[in-house]
Amino acid sequence: MATSLSCSADLLAGFLGPNATNASSAASLICSQLEAINNKFTDTAYAVDSTYLLFSAYLVFSMQLGFAMLCAGSVRAKNTMNIMLTNVLDAAAGGLFYYLFGFAFAFGTPSNGFIGRHNFALKSFPTSNFDYSYFLYQWAFAIAAAGITSGSIAERTQFVAYLIYSSFLTGFVYPVVSHWFWSVDGWASASNTGDLLFGSGVIDFAGSGVVHMVGGIAGLWGAYIEGPRIGRFDRSGQSVLRGHSASLVVLGTFMLWFGWYGFNPGSFTKILSAYNTGSYYGQWSAIGRTAVTTTLAGCTAALTTLFGKRILSGRWNVTDVCNGLLGGFAAITAGCSVVEPWAAIVCGFVAAVVLIACNKLAEKAKYDDPLEAAQLHGGCGAWGVIFTALFAKEKFVNEVYPGKPGRPYGLFMGGGGKLLAAHVIQILVVAGWVSATMGPLFFVLHKLKLLRISPEDEMAGMDLTRHGGFAYVYHDDDDVQSNGIQLRKIEPTATTPSSV
């Protein structure tokens, strides 16, 4: 924000000549003009920061299109319309519930360390702390978490279950976590105005833990309780089902990549902040650095996955590369603002290894996640939280989180182990909270027979049985033997509604 100008008529009058009356009048006029100019600068600074945040919110919201395309390409064609509709409803239901409850639970101040308690339905809004642009930005984050979960339970989940879990996640589960780590009142927030956890708080800048782990762990419980899709594994335990469109997967990946430049750099929420008055270096520089670290982590993870999967499987697989890229982005999200670009390369490399290892473990456990969302967002998100505690640079930490000199920073950068301890606690409490809330929710839906569709509907495809027709003419190869069950291929007929 621009530095305020000050002007005193009495002080200025002494420089305007011996006539006290005229001098005082002239001084008052000059000061009033300077104050008007100062107010204009202040207004402009607010406008610039608000515009920057709104633009970032639009970028993060555009990730919903990326999620939709990625999900559509990763499922079989007979479920395309269903997964696209769930992505639309994640945004729609999430918008209402985050407006009514979510934002208040997350950022309503003053509050306690566990949960916010003001600004329900944006009452008494805007405030000196938050404007409408901030709400929109945080809503875009909330529905991103819900979108992650929808990928884990794709192709076998009842429509009503999507509405229930999405509303609960965006209206309560996710906001509580974001309050803990992002609100100025949160018990583990690095921005807490009181005592900091281990003297540092948790540095989860854009949400490797808050967003990605929450969405990934919620999806883990949903997919585990539902069980694998029919025909997902053959008798030898090998995975046999694949998505129907690599083109949509790539399109969705590039859309998510584009949106991530609002997700990570946008988390500064302000751009017009100088670290040193009159210097070329300020928060705008940190924003640029954050975009660079984000890019490098994703690129490194993509290439590592490319060659790693080539060694393991003997193939160059574009879907694996796309997931590796996204895993690198999920990992760097926590520390993108406080690490050097070279450290982002380390982050991306390890993220790819973590993703490959998690996928191997999932396959051995016969865990079925069509988009690898739990492995990608949960596993790589957890690595990103640890990575930040190891590589956060002291200078960057003090710039991004000012006002608390001497706070701990990365272990490998000479900052001791306090930040690492705080981040281990974050991983444990996020995993525990999401498991304690979303796990029982999915279990109750399962017991009430509201979670999984019937085997007949699953084999025919939900586009036909639940949505009145196919997204487009398709050619899924469903004539396979799986666990002794013959799956029947349903061909579209002339009377079947379809759209291009």
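The values are calculated or read from the model by the stated rules, or taken from the named source; none is laboratory data. Every value quoted in this text rests on a predicted model; they were computed, and no experiment measured them. Counting neighbours? That spans all protein chains shown, and the Cβs are built from the backbone with ideal geometry, glycine included. Please note that ligands, DNA and RNA were not included when accessible areas were found on the heavy atoms of the full protein model with its side chains. Shrake-Rupley method; radii C 1.70, N 1.55, O 1.52, S 1.80 Å.
Summary table
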quantity: Residue match in the range 122-142 (condition: open to solvent by less than 40 Å² (accessible area, probe 1.4 Å), on the phi > 0 side of the Ramachandran plot and in a helix (DSSP H, G or I)); calculated: yes
quantity: Single match in V173, V214 (criterion: at negative phi, assigned to a helix (DSSP H, G or I), over 13 Å from the mean Cα position of the chain (by Cα) and hydrophobic (A, V, I, L, M, F, W, C)); calculated: V173
quantity: Matching entry among D234, D204 (being crowded, with 20+ Cβ neighbours inside 10 Å and among the acidic types (D, E)); calculated: D204
quantity: Check on I356, touching a helix residue (DSSP H, G or I) at 6+ places or on another chain (Cβ under 9 Å), open to solvent by 40 Å² or more (accessible area, probe 1.4 Å) and in contact (Cβ under 8 Å) with a residue 12 or more places away in the chain; calculated: no
quantity: Qualifying residue in the range 155-162 (condition: open to solvent by 10 Å² or more (accessible area, probe 1.4 Å), more than 29 Å from H446 (Cβ to Cβ) and assigned to a loop (DSSP other than H, G, I, E, B)); calculated: no
quantity: Given (1) crowded, with 22+ Cβ neighbours inside 10 Å; (2) in contact with a strand residue (DSSP E or B) (Cβ under 6 Å, 6 or more places away or on another chain), index of the condition K366 fails; calculated: (1)
quantity: Positions within the range 333-392 being closer than 27 Å to P408 by Cβ and part of a loop (DSSP other than H, G, I, E, B), in sequence order; calculated: T333, A334, G335, C336, S337, V338, V339, E340, A392
quantity: Criterion (under 23 Å from H212 (Cβ atoms) and among the polar types (S, T, N, Q)) met by exactly one of S111, S128, S124, S152; calculated: S152
quantity: Out of H179, H212, sole residue that is in contact with a helix residue (DSSP H, G or I) (Cβ under 6 Å, 6 or more places away or on another chain), crowded, with 20+ Cβ neighbours inside 10 Å and closer than 28 Å to A365 by Cα; calculated: H212
quantity: Residues located in the range 263-282, provided they are within 22 Å of Y132 (Cα to Cα) and not in a loop (DSSP other than H, G, I, E, B); calculated: F263, P265, G266, S267, F268
quantity: Residue within the range 315-329 that is assigned to a helix (DSSP H, G or I), open to solvent by 40 Å² or more (accessible area, probe 1.4 Å), farther than 24 Å from M63 by Cα and of a type in the set (A, V, I, L, M, F, W, C) present; calculated: no
quantity: Residue that is nearest to V339 (Cα to Cα), among those in the range 387-411 that are among the aliphatic types (A, V, I, L, M) and surrounded by 24 or more Cβ atoms within 10 Å (Cβ to Cβ); calculated: A392
